[in-house]
Amino acid sequence: MGKVLDMPYIIDQLVKLCNTPSPTGDTREIMQYLQEQFENLGLSCRMTNKGALIATLPGKDDERHRVLSGHVDTLGAMVSEIKSNGRLKFTNLGGYMMHSVEGEHVRISTACGRTYTGTVLTTKASTHVYGQEAHKLDRVPANMEIRIDEKVKNKEETKNLGISVGDFIYFDPRTEVTPSGFIKSRHLDDKASVAVMLGVAKYYRDNNLQPAATTHFFITNFEEVGHGASYGTPEKTTEFIAVDMGCVGAGLEGNEFSVSICAKDSGGPYDLGIRRRLVRLAEENNIPYAVDIFPFYGSDAGPALRAGNDIRTGLIGPGVDASHAHERTHQEALLATGRLLIAYLDTPEN
């Protein structure tokens with residue numbers, strides 16, 4: 001087999017990951033799936049007590065280890081109140097704007113194992129009933145509710161379904177791969193990067209190769225609430241690369257067809273030596289890239305540093321449009337990210 005990334009495999013994994021619900025706090029199913037996938041590729045795996053996954057790929061240098069981190073916890077919601085009309089109030093998991101989920105189909109997962117469907121609506125959703133009030137209503141949590149697809153008209157009937165406060169709510173990802181190579185879906189942050197990481201692990205397995213240093217694929221499950229990599233960085237780690245989505249929008253260089261290299265986010269600058277090495281590797285290998293600053297952004301590198309780890313950090317990832325809304329990227333960005341990761345892993349530490 002030639003030394004190329006298996007893009008059909010990466011796309012297939014991305015679709016499967018996007019369609020596996022995993023809001024922050026409810027990630028056991030997807031973590032079990034990922035453990036199976038990494039073990040099928042020959043990597044040894046272990047799970048941390050808080051539910052993160054560490055899959056290890058032995059390298060030529062076993063004294064100075066590297067980490068590639070990605071997260072599979074996503075935005076979601078949780079039942080916060082059963083209303084007198086039988087509908088649900090909800091609290092958000094992760095940061096998103098209410099108008100970005102208005103009209104979205106959801107599933108409610110109950111503690112007793114039942115699942116119900118519903119729709120996110122405003123409390124004055126019908127223009128035929130409320131006229132201009134419907135247009136002017138602020139899209140804030142107090143004005144949002146979930147209409148359940150069951151015959152309920154009061155709080156007691158909804159409770160009798162087994163629905164209760166604290167139940168998780170999954171947004172329909174509506175994942176689609178277009179003939180033109182786009183992938184549009186919720187939760188590309190950060191499942192796009194994790195699918196690429198699986199593809200990178202498969203590249204080394206298929207070609208019977210070793211990276212320059214022992215590498216850990218660190219899949220975290222609480223990144224969206226800020227403490228994903230606060231525990232679990234392997235002891236010998238010297239370099240930690242967060243593989244997370246690149247922002248696309250006004251004032252930024254990145255796009256949906258390249259890999260983003262972050263110079264600074266809300267937590268401060270990333271390691272200058274690592275950033276310059278990543279830029280050099282992208283240029284030497286003709287990999288499309290952009291360097292950007294993300295002012296309203298944090299990655300798993302932040303909690304890993306705040307936990308006291310003596311590591312140098314970087315951040316790269318595929319450019320993703322409309323982050324924390326209905327997101328989109330392109331296969332070219334996934335390929336660019338995978339190629340840069342391989343170039344980085346093949347290069348000994350300076």
Consider only pairs whose beta carbons are under 6 Å apart and that are at least six residues apart or on different chains; among these, list those whose first residue lies in the stretch 232-249 and is within 14 Å of Y270 (Cβ to Cβ) and not assigned by TED's automatic domain parsing to the domain that holds P295 and whose second residue is surrounded by fewer than 21 Cβ atoms within 10 Å (Cβ to Cβ) and among the basic types (K, R).
none
Taking the stretch 86-98 on its own, how many of its residues are in contact with a Ser or Thr (Cβ under 9 Å, 6 or more places away or on another chain) and either outside any strand (DSSP E or B) or hydrophobic (A, V, I, L, M, F, W, C) (or both)?
7
Conditions first: (1) under 18 Å from K16 (Cβ atoms); (2) outside any helix (DSSP H, G or I). I163 passes all but one, so which condition is the exception?
(1)
Are any of the residues in the stretch 55-66 of a type in the set (S, T, Y), crowded, with 16+ Cβ neighbours inside 10 Å and in the same structural domain as F296 (by TED's automatic domain parsing)?
yes
Looking only at residues in the stretch 1-20 that are among the charged types (D, E, K, R) and part of a loop (DSSP other than H, G, I, E, B), which one is farthest from M31 (Cα to Cα)?
K3
Residue tally, condition under 20 Å from the mean Cα position of the chain (by Cα), of a type in the set (G, A, S) and not in a strand (DSSP E or B), over the stretch 43-76:
2
With D265, D271 as the choices, which residue is surrounded by fewer than 20 Cβ atoms within 10 Å (Cβ to Cβ) and of a type in the set (D, E)?
D271
Find all pairs meeting these conditions: Cβ atoms under 6 angstrom apart; at least six residues apart or on different chains; first residue within the stretch 275-296 and assigned to a loop (DSSP other than H, G, I, E, B); second residue of a type outside the set (S, T, Y) and surrounded by fewer than 19 Cβ atoms within 10 Å (Cβ to Cβ).
N285/A343
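From the residues in the stretch 170-208 that are among the basic types (K, R) and part of a helix (DSSP H, G or I), which one is farthest from L93 (Cα to Cα)? Can you show your working first?
At the first step, the residues of the stretch 170-208 found to be among the basic types (K, R) are 174, 184, 186, 191, 202, 205.
Now narrow it down to the ones that are part of a helix (DSSP H, G or I): 191, 202, 205.
Details: K191: 17, K202: 32, R205: 36 Å.
In this case the residue turns out to be R205.
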Do the conditions hold for G302, that is, is it in contact with a Cys (Cβ under 7 Å, 6 or more places away or on another chain) and either buried (at least 23 other Cβ atoms within 10 Å of the Cβ) or assigned to a strand (DSSP E or B) (or both)?
no
From the options R174, R205, residue that is within 21 Å of E39 (Cβ to Cβ) and either surrounded by fewer than 16 Cβ atoms within 10 Å (Cβ to Cβ) or at pLDDT below 95 (or both)
R205
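Looking only at the stretch 99-130, filter to residues that are assigned to a strand (DSSP E or B) and either out of contact with any Asp or Glu (no Cβ under 9 Å at 6 or more places or on another chain) or among the basic types (K, R) (or both); which one of those is nearest to T20 (Cα to Cα)?
R107
The values are calculated or read from the model by the stated rules, or taken from the named source; none is laboratory data. If you're wondering where the values come from, they're calculated on a predicted model, not measured in any experiment. Note: ideal-geometry Cβ built from the backbone for every residue, glycine included; neighbour counts use all protein chains shown.
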